[in-house]
Structures are given as structure tokens and as C-alpha cells.
1. Determine the pairs where a residue that is assigned to a loop (DSSP other than H, G, I, E, B) and open to solvent by 20 Å² or more (accessible area, probe 1.4 Å), located within the stretch 101-125, has a partner that is more than 10 Å from the ligand (Cβ to nearest atom) and modelled with pLDDT of 95 or more with Cβ atoms under 6 Å apart, the partner being 6 or more residues away or on another chain.
2. Filter the stretch 34-65 down to the residues that are within 20 Å of residue 1 (Cβ to Cβ) and open to solvent by 50 Å² or more (accessible area, probe 1.4 Å), then identify the one that is farthest from the ligand (Cβ to nearest atom).
3. From (1) over 26 Å from residue 27 (Cα atoms); (2) out of contact with any helix residue (DSSP H, G or I) (no Cβ under 9 Å at 6 or more places or on another chain); (3) open to solvent by 50 Å² or more (accessible area, probe 1.4 Å), pick out the condition that doesn't hold for residue 217.
4. Does residue 177 satisfy being surrounded by 13 or more Cβ atoms within 10 Å (Cβ to Cβ) and at positive phi?
5. Looking at the stretch 87-100 only, could you name the residues that are part of a loop (DSSP other than H, G, I, E, B) and more than 10 Å from residue 174 (Cβ to Cβ)?
6. Can you tell me which of (1) over 11 Å from the mean Cα position of the chain (by Cα); (2) in a loop (DSSP other than H, G, I, E, B); (3) touching a residue at least 40 places away in the same chain (Cβ under 8 Å); (4) closer than 23 Å to residue 45 by Cβ is the one residue 84 doesn't meet?
7. Given 184, 175, which one is closer than 27 Å to residue 86 by Cβ and aliphatic (A, V, I, L, M)?
8. Which condition does residue 106 not pass, out of (1) of a type outside the set (Lys, Arg); (2) within 12 Å of the ligand (Cβ to nearest atom); (3) more than 13 Å from the chain's Cα centre (by Cα), if it passes all the others?
Amino acid sequence: MFNIKYFESVESTMDIARENPIHGNIIQAGEQLSGRGRRGNQWSSPKGNLYQSIILQPKSPKQSWGQLSFVIAVALSKTCEGLGVNHYQLKWPNDVLIDNRKLAGILIEVLGDFVIVGTGINIQHAPDDKCKINDFCDVTVNEFRDLFLIQITKYFKVWEEEGFPSIRNLWMKHAYRLGEEIQARLPNITYDGVFEDLDNNGILLLREKDGNLRQINSGEILVCS
Ligand code: BTN
């Protein structure tokens, strides 16, 4: 399914992927000089980690493409399981945590009929507030990449053939703070409540103190202190 193009050093694999989008092409880089994360953050990208942008052309309508972040998070978690690392949690919408620290970042960008899925996975190096897979097992960047691509192929197919519910069920088994008090932080407002459920579109359902069930479809969840 995939055709990997490797570069030693780039500004960002996302930019190269955007230049010539072809379904199944992957831009991988040894390092990034301007790796980018969500909400305009930088993504630290020294040599020794996995940086790639995967170009996909889903058959499903565009409004469902946000679900891909769950597909990729599940594929990433299954890759960890395959390496014997089972104590991970999935934080809405698309973070994989081990021991409460982020292992990887997933960035989804839409370009016309294509989706560019950027994944930055800490293999050998991690900033202080994050973790790396080599804290838990021995695996090289390209070994991890090959295992990850097998899982992406599998769960992308599940998503295309069965829809989101199968992905949702897998994701829910490891959901971070499910049933607990959280803060849902959106760009301009924060809501407090209990993380009650994830609906069949990937929307987080937050039960507020007054009983209202609020739908959260973007943002980042924080734990109440
Ligand atoms: C996040 O903020 O959690 C998402 C980080 C995504 C980083 C990856 S690394 C490969 C690809 N290229 C980039 O510039 N960003 C993504």
C-alpha cells in the first residue's frame, strides 16, 4: 500500500507531502528543522526518531476524515502492543501516552481530496515532558516504522470497510480519564465535567455539573486538579 520516500533532513515532511500528493506515498525524514505540531506548536525533531507524513485519499466523505486521528492512534497503540508495551493510554483526540507522558504526535491536514497524516514518534529521544519507545523496548526507527505501517494498513481498511464504530470500540478500551473529571480546553473556553463517552463520530461527550451533556469536537482535554 505504501511507497516510502526518505530524506535525511527537511524543514517539515508535511510541506514535502503537500507538493505532490499521491495516495499511499510516505515522506519520511531523518530529522526536521521546522517540525510542526498542532495549534501552531513546534515539534522537536532531532535525528533518531520517526518523522513521516502519509498521504491518503479516503473514499469516505470529508466530514469523517477527522476520525483518522483515532485510526492512527489505534494503529500506533497496536504497534506498541506488538512490541510488548501494553500499559499505554489513548488521550482524546489522538495522543498515545505511556506513564502519563506523550509518546507521539499526530497531525492531520486536509489538502483537496487528500489527507496528510503526520506522525512524529519518539524512538531514541524525547523532550523532558514526553517519553520515548526505547524507554520500554529495543526497536530501531525503521523497525518501528515497518510495524506501524502494517497496523495502519490494517486499521485504515477496518475504518473504510466497517466505519468508525470498530475503531471507536478499540480506542475506548484504553481511553484516558474515561468516567473521570476532566477539563475540555477549547481555543477560547474551558468546560469542566465528566468524560462520559465518545460518540460514533469521535465527539467527546462531557457531562457537566448541571446535568447537561456537552459535545466537544475539538480542543484538548486536561485533568482537573
Ligand atoms: C502534535 O502536536 O501532537 C502533532 C505533532 C506532529 C509531528 C509530526 S512529525 C512528522 C510531521 N511533520 C511535521 O512537521 N509534523 C508532523
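The values are calculated or read from the model by the stated rules, or taken from the named source; none is laboratory data. Keep in mind it's a predicted model, so treat the numbers as computed, not measured. No Cβ is skipped: glycine too gets one built from the backbone with ideal geometry, and neighbour counts run over all protein chains shown. Just the protein is used for accessible areas: all its heavy atoms, side chains included, with ligands, DNA and RNA removed. Shrake-Rupley method; radii C 1.70, N 1.55, O 1.52, S 1.80 Å.
1. Qualifying pairs under 6 Å: 113/57; 124/48; 124/134; 125/46; 125/48.
2. First pass over the stretch 34-65, keeping only residues within 20 Å of residue 1 (Cβ to Cβ): 50-60, 64-65.
Now narrow it down to the ones that are open to solvent by 50 Å² or more (accessible area, probe 1.4 Å): 57, 59.
Working: 57: 18, 59: 24 Å.
Ranking the qualifying residues of the stretch 34-65, first place goes to 59.
3. The one condition residue 217 does not meet is (2).
4. Numbers: surrounded by 13 or more Cβ atoms within 10 Å (Cβ to Cβ): yes; at positive phi: yes.
In short, yes.
5. Answer for the stretch 87-100, where residues must be part of a loop (DSSP other than H, G, I, E, B) and more than 10 Å from residue 174 (Cβ to Cβ): 92, 93, 94, 99, 100.
6. Condition not satisfied by residue 84: (4).
7. Working: 184 fails: closer than 27 Å to residue 86 by Cβ.
Every option except 175 fails the conditions.
8. (3)
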